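Notes for the one structure printed next.
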Amino acid sequence: MNVLDMALNLGVAAVTVAVVLCAWRLLRGPEMTDRLLALDTLYMNAVALIVLLGIRWNTALLFEAALLVAMLGFASTVALARYLSRGDVVE
């Protein structure tokens, strides 16, 4: 086992712990803003996990999937934040 494999294993484990903690905050958040931040962080952690798995499995397809998840996560976070602050998404 080389250093890259150990670093990838450690990175996947750390991101998995972060995903579990974000999911906990998403389910148990006291306010809606806490849940929104947890959802945004969950998207970022999902992107990190997909990129790490793309490096491990040596495939470029997962990098494109990470880009799609990042774009959809950003758009949905902005839409949900706008809905929570103004009451509607489109004026």
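Values quoted throughout were computed directly from the atomic coordinates according to the rules given, and no laboratory measurement underlies them. The shown structure was predicted, so the numbers you read here are calculated from the model rather than taken from an experiment. So basically every Cβ, Gly included, is an ideal-geometry build from the backbone, and we count neighbours across all protein chains shown.
Report whether or not Leu80 is more than 29 Å from Met6 (Cα to Cα) and of a type in the set (A, V, I, L, M). Spell out how you get there, then give the answer.
On the way: more than 29 Å from Met6 (Cα to Cα): yes; of a type in the set (A, V, I, L, M): yes.
Yes: the conditions hold for Leu80.
Check whether at least one residue in the stretch 2-20 is surrounded by 12 or more Cβ atoms within 10 Å (Cβ to Cβ), of a type in the set (D, E, K, R) and either assigned to a helix (DSSP H, G or I) or in contact (Cβ under 8 Å) with a residue 24 or more places away in the chain (or both), and report yes or no.
no
Pairs please, first residue from the stretch 21-44 and over 14 Å from Leu80 (Cβ atoms), second anywhere and among the hydrophobic types (A, V, I, L, M, F, W, C) and in a helix (DSSP H, G or I), Cβ atoms under 6 Å, 6+ apart in sequence or on different chains.
Listed pairs, sorted by first residue: Cys22/Ala38; Cys22/Leu42; Arg25/Ala38.
How about the stretch 27-36: which of its residues are part of a helix (DSSP H, G or I) and surrounded by fewer than 17 Cβ atoms within 10 Å (Cβ to Cβ)? Full working, then the answer.
So the first thing to find is which residues in the stretch 27-36 are part of a helix (DSSP H, G or I), and the list is 27-28, 32-36.
Leu27, Arg28, Met32, Thr33, Asp34, listed by residue number.
Determine whether the stretch 68-79 contains at least one residue that is without any contact (Cβ under 8 Å) to a residue 12 or more places away in the chain and either farther than 25 Å from Arg35 by Cα or buried (at least 17 other Cβ atoms within 10 Å of the Cβ) (or both).
Within the stretch 68-79, not a single residue is without any contact (Cβ under 8 Å) to a residue 12 or more places away in the chain and either farther than 25 Å from Arg35 by Cα or buried (at least 17 other Cβ atoms within 10 Å of the Cβ) (or both).
Are any residues in the stretch 55-66 more than 15 Å from the chain's Cα centre (by Cα) and either buried (at least 17 other Cβ atoms within 10 Å of the Cβ) or within 12 Å of Val12 (Cβ to Cβ) (or both), and if so, which ones?
Ile55, Arg56, Trp57
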